[in-house]
Amino acid sequence: MGEITEAAVKRLLKKIRRGACGHLYLALDPDGESSFLQMDSGNGRIFLAIGEERLEGNRVRWIRYMSHDPRYDGSEEEAPVRAGQERILMRETIRDAGLAAACVEHYIRTGEPWPGMEWMKLDDG
């Protein structure tokens, strides 16, 4: 995407809302691994994940937030979207491209998960 300018953010959000953004990876840190947002979409489903690495004393704590569709809670049905080699489940995806755009915009501006979305949270701490 290049430099993150207001114009670039507007173009990106428009692309997400149209369903024309198949993959997105935004990192807050230079190595691209400690704090990031990932979005993958296809066939009407969108997967969002936010990863945060936190140092607590001598221990690294990993927290991951994922999009969530409660209609599929308890289901192991695979979603028709892939995130690299990772298997994505329907309960980890959403259909609302406007919601996905809001989550991406909030992350770009704050580095935090958007509070207007129900996230699944995985915490190794």
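The values are calculated or read from the model by the stated rules, or taken from the named source; none is laboratory data. All values derive from a computational prediction rather than experimental measurement. Note: ideal-geometry Cβ built from the backbone for every residue, glycine included; neighbour counts use all protein chains shown. These area figures cover heavy atoms from the full protein model, side chains too; ligands, DNA and RNA do not enter into them. Shrake-Rupley method; radii C 1.70, N 1.55, O 1.52, S 1.80 Å.
Karplus-derived 3J(HN,Hα) values for region 111-116, using 6.51 cos²θ - 1.76 cosθ + 1.60 with θ = phi - 60°, are x, 10, x, 5, x, x Hz; glycine and proline are entered as x. Computed with a 1.4 Å probe over protein heavy atoms only, the accessible surface of the chain comes to 56 Å² per residue. Under the convention that each Lys and Arg Cβ holds +1 and each Asp and Glu Cβ holds -1, the size of the dipole of region 1-91 around its Cα centre is about 480 debye. V60 contributes an accessible area of around 80 Å² to the protein surface, as traced by a 1.4 Å probe with all chains present.
Only one residue of C103, G44, L55 has its Cα farthest out toward the positive end of the dipole of the chain, where Lys and Arg carry +1 and Asp and Glu -1 on Cβ, and that residue is G44.
Given +1 at the Cβ of Lys and Arg, -1 at the Cβ of Asp and Glu and no other charges, the dipole of region 46-125 around its Cα centre is 140 debye to the nearest 20. Going 7 Å from the Cα of E77 toward and past its Cβ, which residues in region 88-102 have a backbone nitrogen under 13 Å from where you end up? Residues 89-95 qualify, since their backbone N sits under 13 Å from the label point.
When only alpha carbons are used to place a centre, region 10-73 and region 93-115 end up 9 Å from one another. A crude spin-label estimate for the pair N43 and Q85, with each label 7 Å from Cα along the Cβ direction, gives 2.1 nm. All C-alpha to C-alpha distances of the chain, sorted into 5 Å bins beginning at zero, yield P(r) values of 2, 11, 21, 24, 21, 13, 6, 3, 0 percent in whole numbers.
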